[in-house]
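Working notes, structure below.
Read-outs: derived from the displayed coordinates by stated rules, not from any lab. These figures come from a predicted structure and were not determined experimentally. Don't worry about glycine lacking a Cβ; one is built from the backbone with ideal geometry, like all the others, and counts go over all protein chains shown.
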Amino acid sequence: MDIIEKLESGERLEFEDSIKLYELDIFTLGKYAFKKREKLYGKKSFFNINRHINPTNICKDICKFCAFSANRKNPNPYTMSHEEILSIVEEASKRGVKEVHIVSAHNDKAGLEWYMGIFKKIKANFPHIHVKALTAAEINFLAKEYGYTYEEMIDMMIENGVDSMPGGGAEIFDEEVRSYICKGKVSSDEWLEIHRLWHQRGRKSNATMLFGHVEKREHRVEHMLRLRNLQDKTGGFNCFIPLIYQRENNYLNVKDFVTGQEYLKTIAISRLILDNIPHIKAYWATSTINLALIAQEFGADDLDGTIEREAIQSAAGASSRYGMPLEEFVYLIKDSGFIPVERDSLYNELKVW
Ligand code: V47
């Protein structure tokens, strides 16, 4: 069966099929991905009103792609106090923010109580706010630093009030590429195991993929298929998020920037092969808002949120440092011919704007 027949039949796509998808022209690929998106959600595009907080940039690990952690290229180490974080959450809450997305570097001086205690304080003061926090990379770092099992760490997160896990730290699962771009960080098996255990507790998480650096298409496809495989077992992933590598202020020397066309193909392919992950997020911070809006026609149904502040990717050149005003976000989605639907962090629909 050729690839078009497979797409027409709706049969599950495997590794070789997915490589062939990349070779299709972008309009044919886009047509099939959009058809699938339309069947699921029509022209609805989901977003949330969220606030990203990155409480420390002091990191024990050295990832070549990272411009956020304090180092020679970014010599401004900081660690927020719990009071500072709480006052950010308080201000955000007054503006109607419904989710805080908290991701830090791997700071071995901050202490476990600094990492965990803040969630309890946020929940005690702002019980209506959804806490999406701690990547599998952070959980792996904390477990090893303080001598806990992953299960114990996960119980600790739940006890302290973490509601869901963000998808960071996945990078690219291929271990050879991984050891070149982020040696020493959580391995791909460990990343997947932490999410498996989190899902086993009935909790939801997201999954990212950092691409457009030194990986090949094969590595992206393999990454997605490993996620699909785990999702078959747990059903715990809400969303898949391809993140375009940003090239400023870091130590990964990449000359060829990923093209818009390659991004749109990657979004479309993720929609077609991840038949068991409900949402595909075009994360405007790394794709630019223009490309994210076009990605809606290539299978993406989610645009993340208003963000407000963001330090990790903006340190490497992304346009997310100050987020996006809600009115502008809604206007842009409408203007692109889609229906802006505000969602909560677990994809329950809250309001059609
Ligand atoms: O894992 C670091 C990435 C991630 C760069 O779950 C970079 O909804 C591009 O995971 N260029 C953290 N990316 C952010 C993240 C995320 C973002 C938005 C939504 C969600 C979600 C999760 O940022 C890291 C890493 O892959 N990152 N440096 C860079 N130079």
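Observations
- Residues whose amide H lies under 5 Å from that of Glu99, counting only those 5 or more places away or on a different chain, are Arg51, His130; hydrogens are built 1.01 Å from N in the peptide plane.
- Taking the chain and dividing mean pair separation by its residue count, relative contact order in percent (alpha carbons under 8 Å, at least six apart): 24
- Residues in segment 124-132 carry Karplus couplings, in order, of 5, 8, 9, x, 7, 8, 7, 9, 9 Hz; the curve used is 6.51 cos²θ - 1.76 cosθ + 1.60 with θ = phi - 60°, and Gly or Pro positions show x.
- Each part gets one Cα centre, and for segment 179-245 versus segment 285-309 those centres are 20 Å apart.
- Distance (nanometres) between label positions extended 7 Å along Cα→Cβ at Glu16 and Glu176: 2.1
- Computed from the C-beta positions of Leu112 and Gln200 and an R0 of 22 Å, the FRET efficiency is 0.45 to the nearest 0.05.
- In terms of surrounding Cβ atoms within a 10 Å radius of their Cβ, Lys35, Lys351, Lys204 rank from fewest to most as Lys351, Lys35, Lys204.
- In order through segment 51-58: 3J(HN,Hα) via Karplus (6.51 cos²θ - 1.76 cosθ + 1.60), integer Hz, x for Gly, Pro: 9, 8, 10, 10, x, 8, 10, 8
- Placing a label point 7 Å from the Cα of His128 along the Cα-to-Cβ direction, the residues of segment 43-58 whose backbone N falls under 15 Å from that point are 49-50.
- Cα-based helix-to-principal-axis angle, 217-234 vs the chain, degrees rounded to 10: 70
- Calculated mean residue ellipticity at 222 nm for the chain: -13000 deg cm²/dmol, from DSSP H runs with n ≥ 4 weighted as -39500 (n - 2.57), summed, divided by the residue count and rounded to 500.
- By the Cβ rule of 4.7 Å, the chain holds the following cysteines without a possible disulfide partner: Cys59, Cys239.
- Euclidean distance of C-alpha centroids, segment 321-353 and segment 1-67, integer Å: 19
- The lysines whose alpha-carbon is closer than 23 Å to the alpha-carbon of Lys185, local same-chain residues fewer than 8 away aside, are Lys60, Lys64, Lys73, Lys109, Lys132, Lys144, Lys204, Lys216.
- Other-chain or far-sequence residues with amide H under 5 Å of Gly167's (modelled H): Asn206
- Phi-derived couplings, Karplus 6.51 cos²θ - 1.76 cosθ + 1.60 at θ = phi - 60°, listed residue by residue for segment 244-253: 7, 4, 9, 9, 7, 6, 9, 9, 9, 8 Hz, with x used for Gly and Pro.
- Cut-off under 5 Å, modelled amide H: who pairs with Ile339 long-range: Lys44, Ser45
- Global dimensions of segment 67-204 from alpha-carbon coordinates: Rg and Dmax equal 15.4, 46 Å.
- Cα-Cα over 21 Å, subset of Lys20/Lys281; Lys39/Lys334; Lys39/Lys98; Lys6/Lys35; Lys44/Lys281: Lys20/Lys281; Lys39/Lys98
- Isotropically averaged projected area of the chain, using the convex hull of Cα atoms (one quarter of hull area), nm²: 16.1
- The angle separating the long axis of helix 326-335 from the principal Cα axis of greatest extent in the chain is about 0 degrees.
- The chain: angle of helix 150-160 to the longest principal axis, Cα-based, in degrees nearest 10: 70
- Equivalent ellipsoid of segment 131-218: semi-axes from √(5λ) of the C-alpha gyration tensor, largest first, are 24, 14, 10 Å.
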